[in-house]
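For reference, the structure is listed below as structure tokens.
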Amino acid sequence: MQVSGGAAHFGGSASASANITGSGNIQLSNGVSVDGYIPTGVSVSVDASGSNAPLVSIESKTTLSVAGDISFTRNGGGSTASADASAVIAVNGGTLIVGSDSTRVQPKVVLQSGAMFLINTSRTFRAEAVQIGAGAAFVIGASADRANLKVQKIVQCAGTVRINLAVTGDAFIASSASGMSAGGTGSVAFSYDKSSNDATQLAKCGVEVVDSTGKTYTLTSRTSAQAMAGRRLLASDGSATWGDDSMTFQMQKQTSSAAVSFAVVPLLMVSMAGLLF
């Protein structure tokens, strides 16, 4: 099936019977706006032939969920091993989800403000290029195999990287502490290509962790060099460290001293009163 320009809705949802059955390929091009659910067995390709980017868009308040791969073609031919600069999916405030059978997204994914790109696969996965704009989120699903998740190039990192956990934050902290390596490197969030990325630029991205209860932990984003230099953590929930070829994260339990502060104030007031009278 070829869809060029205009708008296309692929019926059904991940939890309901989809209108698409069988197997095959859906080829998208020429700025088509898409949403809906594309099930397992149906691949998606973005044709970069003779058109200006973006070739596919996902608009605000809409979602495109693809259970399999997203590749690119040129002149309707087969895809190649790496991305084509003119093959672009622009997520303009909507959501792009790659699902259970996804192993790759070859077109560049550009996330505008309010947009989300959710990796929700437990398979070895690779995205060729992601641009995370301000107010956008690159989300690693709780079911994702973080150790085998790679983004070849992060073009921009001005938004947020969000890591979803399948357990509570306390359970994750406890398990991380018991299994921490001697170097204290923490848990791998995902990896990236060393030669294509600058950790100093990547560390500009905000990082947060959301546990199974929906609680959000904000992490301090820093490079491995800053971590070695003992950079003070700006957030109390832990750290995200951008190394040469991967980002790792560590979390810590939150503590509160509010009760102590309130208890001290009345004592100080009594002491001052004694001095005055």
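What follows is calculated from the coordinates using simple rules that are stated; it is not laboratory data. All figures in this text were calculated on a predicted structure; none of them were measured in a lab.
Assorted remarks:
- Along the range 141-150 the Karplus relation, 6.51 cos²θ - 1.76 cosθ + 1.60 evaluated at θ = phi - 60°, assigns HN-Hα couplings of x, 4, 8, 5, 8, 4, 5, 10, 10, 9 Hz to successive residues, with x for each Gly and Pro.
- A straight Cα-to-Cα reach below 18 Å connects residue 204 with the lysines 153, 194, residues fewer than 8 places away in its own chain not being considered.
- Taking every DSSP bridge with both residues inside the range 87-222, close to 10 percent are antiparallel.
- Cα-based reach from residue 150 at 20 Å (exclusive), listing aspartates and glutamates while leaving out same-chain residues under 8 positions away: 69, 84, 101, 128, 193, 198, 208, 244, 245
- Eligible aspartates and glutamates near residue 215 by straight Cα distance, threshold 12 Å, same-chain separation 8 or greater: 170, 237
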